[in-house]
1. Do we find a residue being in contact with a Ser or Thr (Cβ under 6 Å, 6 or more places away or on another chain), more than 26 Å from B:D239 (Cβ to Cβ), more than 9 Å from chain B (Cβ to nearest Cβ) and outside any loop (DSSP other than H, G, I, E, B) anywhere in the range A:158-167?
2. Got a number for residues in the range B:101-117 being surrounded by fewer than 22 Cβ atoms within 10 Å (Cβ to Cβ) and in contact (Cβ under 8 Å) with a residue 60 or more places away in the chain?
3. Condition first: in a helix (DSSP H, G or I) and modelled with pLDDT of 75 or more. Now tell me which residues in the range A:62-76 satisfy that.
4. Can you pull out the residues in the range A:175-200 that are within 7 Å of chain B (Cβ to nearest Cβ), open to solvent by 10 Å² or more (accessible area, probe 1.4 Å) and either of a type in the set (V, I, T) or in contact with a strand residue (DSSP E or B) (Cβ under 6 Å, 6 or more places away or on another chain) (or both)?
5. Starting from residues that are modelled with pLDDT of 80 or more and surrounded by fewer than 18 Cβ atoms within 10 Å (Cβ to Cβ), keep the ones in the range A:5-24 and report whichever is nearest to A:A47 (Cα to Cα).
6. Please determine, by comparing only the residues of the range B:205-217 that are at the interface with chain A (Cβ under 7 Å from one of its Cβ atoms) and surrounded by fewer than 24 Cβ atoms within 10 Å (Cβ to Cβ), which one is modelled with the highest pLDDT.
7. A:R124 versus (1) within 14 Å of chain B (Cβ to nearest Cβ); (2) touching a residue at least 12 places away in the same chain (Cβ under 8 Å): which is the lone unmet condition?
Protein chains: 2
Amino acid sequence: MLGQSIRARIEAMLPRGLSAWAEAAKSWRPRVKSRLERFADRRAFWAAFVGRAWAGAERAPEEADFEALLAGTPERRGGSVTLVGAGPGDPELLTMKAVRALQTATIILHDDLVAPEILDLARREAVRIAVGKRGHGPSVRQSEIDSRLVALAQAGETVVRLKGGDPLIFGRATEEIEACRAAGIAVEIIPGISAAQGAAAALGFSLTERRVARRIQFVTGHGADGELPADLDWSSVADPAATTIVYMPRATMSQFAAAAIAAGLDPATPALAVANATRADQNHVAASLASIAGLAEGLPAGAPVILIVGQVARSATEAVKLLRAA
Amino acid sequence: MLGQSIRARIEAMLPRGLSAWAEAAKSWRPRVKSRLERFADRRAFWAAFVGRAWAGAERAPEEADFEALLAGTPERRGGSVTLVGAGPGDPELLTMKAVRALQTATIILHDDLVAPEILDLARREAVRIAVGKRGHGPSVRQSEIDSRLVALAQAGETVVRLKGGDPLIFGRATEEIEACRAAGIAVEIIPGISAAQGAAAALGFSLTERRVARRIQFVTGHGADGELPADLDWSSVADPAATTIVYMPRATMSQFAAAAIAAGLDPATPALAVANATRADQNHVAASLASIAGLAEGLPAGAPVILIVGQVARSATEAVKLLRAA
């Protein structure tokens with residue numbers, strides 16, 4: 001029965017069109033054999049076929065696919081870049097689309113903080129390269145990452161740029177997208193669950209709430225120079241009916257709290273700092289805005305942290321107790 | 001080779017611990033046979049075993065699991081509720097965790113707008129019940145949904161409450177979480193890709209940008225009474241360095257634009273209304289804030305729409321052209 005259930009689930013996970021590609025493989029085999037004499041060429045054909053089948057699983061294979069594969073795989077000739085969101089930490093929070101991208105990549109450029117269990121989802125032969133630590137200043141310069149992406153795609157690689165959380169939320173995606181476009185390279189983006197979404201789900205509360213939180217906002221505690229951004233709109237942070245999430249808040253948390261209070265936010269506003277959200281070693285402290293920074297210093301050094309400020313955080317401590325009891 | 005590649009991908013998708021459960025099934029079989037005489041009881045044991053294996057795939061099965069299953073499955077006795085994010089539309093944008101929840105559910109209460117292809121990911125025998133249309137006023141009252149969740153879980157069902165996007169972002173999750181907790185029912189939350197994340201990824205731009213968008217905010221165009229919320233913080237919307245995303249904006253878009261402009265936002269600010277984000281029938285219009293509402297009227301009636309306002313939307317039209325050309 002477990003076997004049956006596994007098969008049913010696998011069927012649901014596999015793209016519907018894949019069986020059409022398997023059929024095509026069967027019917028193309030004699031032609032491939034007659035048109036490609038060398039074993040190595042046939043092997044290359046079928047390797048490219050697999051990549052194409054996964055990439056095009058939503059549609060049926062056509063004669064044009066056969067010809068394109070025969071002419072040399074366009075993926076290997078043109079290369080491509082896909083920005084992929086790795087989610088907050090739990091490998092199960094990757095989207096199915098992200099997993100598929102990892103499994104068609106030939107090279108993966110990933111943030112240092114992406115967990116090994118997530119990299120394990122990629123195909124074995126893919127080359128993995130760590131670039132940059134989020135939240136602690138890049139270990140590789142952004143411009144260098146941009147040029148590497150372009151150079152690898154130009155060399156024909158199927159490149160995945162794997163970023164923690166959602167690449168479109170404080171992921172510096174614009175620089176990479178623009179660099180690729182300027183070089184004429186196709187870019188695809190696969191969104192990811194952002195840390196705030198993961199943390200709230202793990203701690204069991206909603207980020208919006210009819211009565212008390214009709215606006216959510218994401219800001220960064222870490223500007224271009226590593227300082228709290230000078231041009232943050234503090235009146236928007238002072239709004240008592242908003243949920244504010246601060247990404248990369250560690251270095252500037254006490255400054256942030258002081259400035260928010262100075263702008264008019266109640267020092268008693270609930271605040272929650274979550275480290276390693278959704279990972280097995282998730283850890284958090286809950287307090288008032290006025291005292292959160294002191295408590296957050298106790299969170300593990302080097303761990304990625306987010307700060308959630310607003311009435312929605314009020315129930316977090318209680319919620320955790322209930323979840324544990326359940 | 002396609003077969004090999006499929007197997008490798010399946011292995012990556014399957015929880016690592018599942019093989020330990022398969023081993024346990026083998027070694028427990030004689031004991032189950034001797035302790036449960038009736039075929040129906042053994043069948044029930046193994047059905048519950050499968051659910052438990054998937055739910056506990058990260059850990060190895062223990063003797064306590066055997067005893068609990070033998071005593072009658074706690075899931076069937078206690079029942080549970082899992083709030084699951086269905087993502088913006090593309091079934092591939094569900095997380096692996098969401099797919100797994102759909103495949104262990106006995107009953108699924110879903111928003112009307114959740115696509116049939118997403119419901120297809122659930123196991124065949126699960127009962128599917130449509131409740132409520134997002135953005136067009138609930139067809140089932142929230143309090144009724146709350147009581148149904150509680151009653152079903154109390155009856156021993158494994159209930160999934162499937163919501164479009166992320167249940168924690170304008171998903172009215174708080175009411176459902178609180179109703180369950182008040183009744184002593186275990187609630188789990190699985191986040192989803194929100195419409196804004198999906199739309200930006202599909203159109204190829206980042207929601208944040210170093211120079212022009214250091215703050216993102218999500219607001220709703222649809223308050224408790226279906227009107228534009230009266231207490232929205234308009235000065236935060238008027239901030240030219242923010243990206244503002246309006247959920248359920250259709251009925252109040254011209255009011256929203258007028259109020260934002262009255263609060264000081266440049267009428268020429270780029271704006272983008274996206275219908276059916278990430279679905280095959282995705283559709284969008286791009287314009288200035290001053291003229292977006294008129295154009296958005298042309299979007300398909302009944303389709304879910306989000307409005308994105310800010311400098312990040314400037315490149316959307318151009319980006320789409322590039323993506324198509326690629």
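1. Within the range A:158-167, the first condition is being in contact with a Ser or Thr (Cβ under 6 Å, 6 or more places away or on another chain), and the residues that meet it are A:158, A:160, A:165-166.
Adding the requirement that they be more than 26 Å from B:D239 (Cβ to Cβ) leaves A:158, A:160.
Those left that are additionally more than 9 Å from chain B (Cβ to nearest Cβ): A:158, A:160.
With outside any loop (DSSP other than H, G, I, E, B) added as a condition, the list becomes A:158, A:160.
Among the residues of the range A:158-167, at least one is in contact with a Ser or Thr (Cβ under 6 Å, 6 or more places away or on another chain), more than 26 Å from B:D239 (Cβ to Cβ), more than 9 Å from chain B (Cβ to nearest Cβ) and outside any loop (DSSP other than H, G, I, E, B), which makes the answer yes.
2. Total satisfying the criteria: 2.
3. Taking the range A:62-76 as the starting set, the residues that turn out to be in a helix (DSSP H, G or I) are A:63-70, A:74-76.
Answer for the range A:62-76, where residues must be in a helix (DSSP H, G or I) and modelled with pLDDT of 75 or more: A:E63, A:A64, A:D65, A:F66, A:E67, A:A68, A:L69, A:L70.
4. First, the residues of the range A:175-200 that are within 7 Å of chain B (Cβ to nearest Cβ): A:177, A:181, A:186-187, A:189-191, A:193, A:197-198, A:200.
Still in the running and open to solvent by 10 Å² or more (accessible area, probe 1.4 Å): A:181, A:186-187, A:189.
Matches in the range A:175-200: A:A186, A:V187, A:I189.
5. So the first thing to find is which residues in the range A:5-24 are modelled with pLDDT of 80 or more, and the list is A:20-24.
Checking which are surrounded by fewer than 18 Cβ atoms within 10 Å (Cβ to Cβ) leaves us with A:20, A:22-23.
Working: A:A20: 17, A:A22: 13, A:E23: 16 Å.
Among them, the one singled out is A:A22.
6. Among residues in the range B:205-217 that are at the interface with chain A (Cβ under 7 Å from one of its Cβ atoms) and surrounded by fewer than 24 Cβ atoms within 10 Å (Cβ to Cβ), the one modelled with the highest pLDDT is B:R215.
7. Among (1) within 14 Å of chain B (Cβ to nearest Cβ); (2) touching a residue at least 12 places away in the same chain (Cβ under 8 Å), A:R124 violates only (2).
Rundown of residues vs (1) charged (D, E, K, R); (2) open to solvent by less than 10 Å² (accessible area, probe 1.4 Å); (3) within 14 Å of chain A (Cβ to nearest Cβ), yes/no style:
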position	(1), (2), (3)
B:E227	yes, no, yes
B:D233	yes, no, yes
B:A238	no, no, yes
B:Y247	no, no, yes
B:A258	no, no, no
B:I261	no, no, no
B:G264	no, no, yes
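The values are calculated or read from the model by the stated rules, or taken from the named source; none is laboratory data. Owing to the predicted nature of the structure, the values given are computational and were not obtained by experimental measurement. Cβ: placed from backbone, ideal geometry, glycine included. Neighbour counts: every protein chain shown. When the accessible area is computed, the model is the full protein with side chains, heavy atoms only, and any ligands, DNA or RNA have been set aside. Shrake-Rupley method; radii C 1.70, N 1.55, O 1.52, S 1.80 Å.
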